[in-house]
1. Only one residue in A:166, A:177, A:185 is more than 14 Å from chain B (Cβ to nearest Cβ), over 15 Å from residue A:107 (Cβ atoms) and touching a strand residue (DSSP E or B) at 6+ places or on another chain (Cβ under 9 Å). Which one?
2. Take the residues in the stretch A:209-233 that are out of contact with any helix residue (DSSP H, G or I) (no Cβ under 8 Å at 6 or more places or on another chain) and farther than 16 Å from residue A:9 by Cα, then tell me which one is surrounded by the fewest Cβ atoms within 10 Å (Cβ to Cβ).
3. For the stretch B:155-178, give me each residue that is within 13 Å of the chain's Cα centre (by Cα) and facing chain A (nearest Cβ under 9 Å).
4. When the residues of the stretch B:106-123 are narrowed to those that are modelled with pLDDT of 90 or more and under 18 Å from residue B:88 (Cα atoms), which ends up surrounded by the fewest Cβ atoms within 10 Å (Cβ to Cβ)?
5. Check whether at least one residue in the stretch A:97-111 is within 11 Å of another protein chain (Cβ to nearest Cβ) and farther than 27 Å from residue B:114 by Cβ, and report yes or no.
6. Need the failing condition index for residue A:29 against (1) crowded, with 17+ Cβ neighbours inside 10 Å; (2) more than 14 Å from chain B (Cβ to nearest Cβ); (3) modelled with pLDDT of 90 or more; (4) touching a helix residue (DSSP H, G or I) at 6+ places or on another chain (Cβ under 6 Å), just the number.
7. Report, by residue number, each residue of the stretch B:124-140 that is buried (at least 20 other Cβ atoms within 10 Å of the Cβ) and either in a loop (DSSP other than H, G, I, E, B) or within 14 Å of chain A (Cβ to nearest Cβ) (or both).
8. Within the stretch A:140-152, is there a residue that is crowded, with 19+ Cβ neighbours inside 10 Å, in a loop (DSSP other than H, G, I, E, B), within 14 Å of chain B (Cβ to nearest Cβ) and in contact (Cβ under 8 Å) with a residue 24 or more places away in the chain?
């Protein structure tokens, strides 16, 4: 059977891994390539690198990082952050990235999804969506959750799918950093509405949260950062518990 | 030494990086004269099968590929090119294997593309799968699959329906999954191919 995927996420700035609590306070959690290799050895199914570098050198730095990762690890990985045009995506693909994740650039220019899917195939295009509840609606946010848009989250995800998104990475900004569990209500709604894989993100604090998200929403993958980086959850232990709960995993 | 057939369909950085990590020597095939320098070949490929076939035809290497008699491994779309036809772009392909590449049917319970780690079961004895336990997980990303055929299917995987995770006929092999992204089992498969 196709297994549920466990995905550590590495936030990278200037070539180093960082993770913000609620995306604000950044703490150094190590060398991204070394971390990536460790995760691949532990049994991570995939990795996501989110580049939050803001300098003009960013593309060059990122391409070098992607090449080092591709040389040293034997599982797939996605690169996100600051991808605004076909040329950015092309450089990352040629450096060994399996997928790219786009967020703000797709919201600002939805046709970019069509262009990327046409140029590289839908399997290469992950649309990352940061969502936050405003009033009683889930609204797409930009800039790490600080800037609300006009877009309602489910509508935007359906539009992204119809334009050629191959996968959705959905982060609840209300849950992110809280370690209180994933936003299972929204994740189930989204997962039931689309025919492409959904990655749950935001709120993982315990092994039980992973059991809950797979049991309650049937999403394809769950992503987390700090619980893995600081060793609070070890991937082999997590997978053992998932398996005990009859959730298919690769061990 | 493995010759990788270059025709511009997708990036091969991950593949060559993996071969280097495993200490498997390789070089590039850009013209017909290059074939004789190598004792086995890989046809890589990602993206659209019809577009990939078009690019391969433009290299002029198609007649030489059809007559290869050394071990040849197609990966992902490179495997699909070995079949007779793909529903992707309604394209005629190399027809080394008289089987078809079909689109996954719509399913209310299974998403397309088939993305992630799924189990592969060898259906025949073959050195390609030596030291790889039955039911090992490999990494797949694809919307089109090669139909199951008892004659040509070397290993199978089930997703929506049972399909060919790998095919084998004489010196030709194809794998739908990405061995270069499939952890230790993928590495074992590439090592096995380098010794076939």
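The values are calculated or read from the model by the stated rules, or taken from the named source; none is laboratory data. Keep in mind that what you see is a predicted model, and the values were worked out from it rather than measured. So basically every Cβ, Gly included, is an ideal-geometry build from the backbone, and we count neighbours across all protein chains shown.
1. After ruling out the rest, the residue left standing is A:177.
2. By that ranking, first place goes to A:215.
3. Within the stretch B:155-178, B:178 is the sole residue that qualifies.
4. Only one residue tops the list, namely B:111.
5. No, every residue in the stretch A:97-111 fails to be within 11 Å of another protein chain (Cβ to nearest Cβ) and farther than 27 Å from residue B:114 by Cβ.
6. (3)
7. B:136, B:137, B:138, B:139, B:140
8. Scanning the stretch A:140-152, I find no residue that is crowded, with 19+ Cβ neighbours inside 10 Å, in a loop (DSSP other than H, G, I, E, B), within 14 Å of chain B (Cβ to nearest Cβ) and in contact (Cβ under 8 Å) with a residue 24 or more places away in the chain, so the answer is no.
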